[in-house]
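Down below is the structure, laid out as structure tokens.
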Amino acid sequence: MKTCLERIPQDVVALCDYERLAPEFLPPDIWAYLAGGAADERGLKVNQEAYRQWSIQPQVLVEMHGASSTLQLRGGQLPHPFFIAPMAAHRLFHAEGELATALGAAAMGAPLVMSCRASTPIEAMPRHLGVPLWFQLYVRKDREFMLGLVRRLEDAGCDGLVVTVDAPVSGIRNREQRAGFRFPEEIEAPHLVGEPAWPVVESVLDPRYLAELPTWEDLIWLKNQTRLPVWLKGVLSVADAQRAVEASFDGLVVSNHGGRTLDVLPAPLKVLPEISREVAGRIPVLVDGGIRRGTDAFIALALGADAVMVGRPMLYALAVAGAVGVAHALRILCHELEVAMLLAGCPTLPSIRGRVRPVMKG
């Protein structure tokens, strides 16, 4: 296992290069935790394969003066449509953990969504970097604990909440199991201190366990307790998207948890167009899962996303080259998207909408 380089290897020119190198910098069990998915890992495959089923429809000789990848979102402006998705315990991959990720994100103006399983307390995160810092959480039935955590996030200057709704129980991750992965004792979860313990049961269908699972009622209660915008992450159906809009949530993230929960879920990109049509611009829609190229982001925007979240590749880059790697990985994505916009004749992000067609089979 190598020590993090804190510089960019000469042969790293695409996100796949960070994925190729990252196992050299991580113990096998941590690599299994990071790179693995649920069960047979079909979800991992379909997330990326979904992008290969679309091609970009270009237009030539388009006036591109003033072209920009700037994103307007909920009254704010970002330099590009890339968010860093919530992922647990960045200190597993780099000694400075979320601090290094935040520095890399800030260098490129990318919002970072911290995981509730983050290994760095939100109070220790730098707030002078000038980019949004969001926080991901899971809703629990214990409202006293939830309210205390939300107040803590508000006091720390958090910009918004992303509630993960698709993982009330962990997926069955065979690659992790075979590698014997366990969170090291020294990697703490400072936001979960005092969290009520789940009941010890033999089956997740035990009534004692089921009684602890959140419902729409719990999420609506949470939203009513905070002034922060509340987004839902893990929506894959039109019905759930419609209910989220009706309940006045502030945004959606179409996601299958990176293929880490239920292995036979659809790729987010597959259901994105119908969800986007249902939402009809009333709230922002992001998509998460399988983004590996700037052209993938182009396709997602063309099919109805307002922006995209990128997960594992950011941790691959963090493991290889720290904050510099994160910034470089984001720069690669931004450059690839900008080149695609220019070659496709799309001067703005809104102009990308609809500019793809299905790849013909046969």
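Assuming Arg175 fulfils every condition listed in (1) touching an Asp or Glu at 6+ places or on another chain (Cβ under 9 Å); (2) in a loop (DSSP other than H, G, I, E, B); (3) surrounded by 14 or more Cβ atoms within 10 Å (Cβ to Cβ); (4) not β-branched (Val, Ile, Thr) apart from one, which condition is it?
Unmet condition: (2).
Yes or no: Val310 among the aliphatic types (A, V, I, L, M), in contact with a Lys or Arg (Cβ under 9 Å, 6 or more places away or on another chain) and at pLDDT 95 or above?
yes
Which of the residues spanning segment 215-229 are without any contact (Cβ under 8 Å) to a residue 60 or more places away in the chain and either more than 19 Å from Thr261 (Cα to Cα) or among the aliphatic types (A, V, I, L, M) (or both)?
Initial filter on segment 215-229 (without any contact (Cβ under 8 Å) to a residue 60 or more places away in the chain): 215-217, 220, 223-224.
Hits for segment 215-229 are Trp216, Glu217, Ile220, Lys223, Asn224.
Somewhere in segment 331-344, is a residue among the small types (Gly, Ala, Ser) and within 20 Å of the chain's Cα centre (by Cα)? Give the derivation first.
Of the residues in segment 331-344, the ones among the small types (Gly, Ala, Ser) are 340, 344.
Now narrow it down to the ones that are within 20 Å of the chain's Cα centre (by Cα): none.
For segment 331-344, residues among the small types (Gly, Ala, Ser) and within 20 Å of the chain's Cα centre (by Cα): absent.
Do you know which of the residues in segment 286-303 that are of a type outside the set (A, V, I, L, M) and within 20 Å of His257 (Cβ to Cβ) is surrounded by the fewest Cβ atoms within 10 Å (Cβ to Cβ)?
We begin by selecting, within segment 286-303, every residue of a type outside the set (A, V, I, L, M); these are 288-290, 292-296, 298.
Next cut, within 20 Å of His257 (Cβ to Cβ) only: 288-290, 292, 296.
On the way: Asp288: 26, Gly289: 29, Gly290: 28, Arg292: 19, Asp296: 26.
Here the answer is Arg292.
May I ask you to list the residues in segment 196-221 that are closer than 15 Å to Val139 by Cα and in a helix (DSSP H, G or I)? Walk me through it before giving the result.
Pass one, segment 196-221, residues closer than 15 Å to Val139 by Cα: 196-198, 209-221.
Those that are closer than 15 Å to Val139 by Cα and in a helix (DSSP H, G or I): Tyr209, Leu210, Trp216, Glu217, Asp218, Leu219, Ile220, Trp221.
So in segment 1-28, with the set limited to residues that are closer than 11 Å to Gly325 by Cβ and modelled with pLDDT of 95 or more, which one is surrounded by the most Cβ atoms within 10 Å (Cβ to Cβ)?
Looking at residues that are closer than 11 Å to Gly325 by Cβ and modelled with pLDDT of 95 or more, I get Tyr18.
Suppose the filter is β-branched (Val, Ile, Thr) and either closer than 19 Å to Tyr51 by Cα or buried (at least 21 other Cβ atoms within 10 Å of the Cβ) (or both); does Ile283 pass it? Reasoning before the result, please.
Numbers: β-branched (Val, Ile, Thr): yes; either closer than 19 Å to Tyr51 by Cα or buried (at least 21 other Cβ atoms within 10 Å of the Cβ) (or both): no.
Answer is no for this residue.
Just one of Glu195, Glu154, Glu212, Glu176 is touching a Gly at 6+ places or on another chain (Cβ under 7 Å) and either of a type in the set (Lys, Arg) or touching a residue at least 24 places away in the same chain (Cβ under 8 Å) (or both); which is it?
Working: Glu195 fails: touching a Gly at 6+ places or on another chain (Cβ under 7 Å); Glu154 fails: touching a Gly at 6+ places or on another chain (Cβ under 7 Å); Glu212 fails: touching a Gly at 6+ places or on another chain (Cβ under 7 Å).
One residue alone meets the criteria, Glu176.
Mind checking which residues of segment 1-23 are more than 19 Å from Gly289 (Cβ to Cβ) and in contact (Cβ under 8 Å) with a residue 60 or more places away in the chain? It would help to see each step written out before you state the result.
Start the filter on segment 1-23 by keeping residues that are more than 19 Å from Gly289 (Cβ to Cβ), which leaves 1-13, 17, 20-21, 23.
Within segment 1-23, Cys4, Leu5, Glu6, Arg7, Ile8, Pro9, Val12, Val13, Leu21 meet the criteria.
I'd like to check something: does segment 138-148 contain any residue that is in contact (Cβ under 8 Å) with a residue 40 or more places away in the chain, crowded, with 16+ Cβ neighbours inside 10 Å and farther than 21 Å from Thr215 by Cβ?
no
With Val245, Val193 as the choices, which residue is of a type in the set (A, V, I, L, M, F, W, C) and in a helix (DSSP H, G or I)? Break it down stepwise before answering.
Values: Val193 fails: in a helix (DSSP H, G or I).
The conditions single out Val245.
The values are calculated or read from the model by the stated rules, or taken from the named source; none is laboratory data. Small disclaimer: the values here were computed from a predicted structure and weren't measured. Methodologically, a virtual Cβ is constructed for each residue, glycine included, from the backbone with ideal geometry; neighbour enumeration extends over all protein chains shown.
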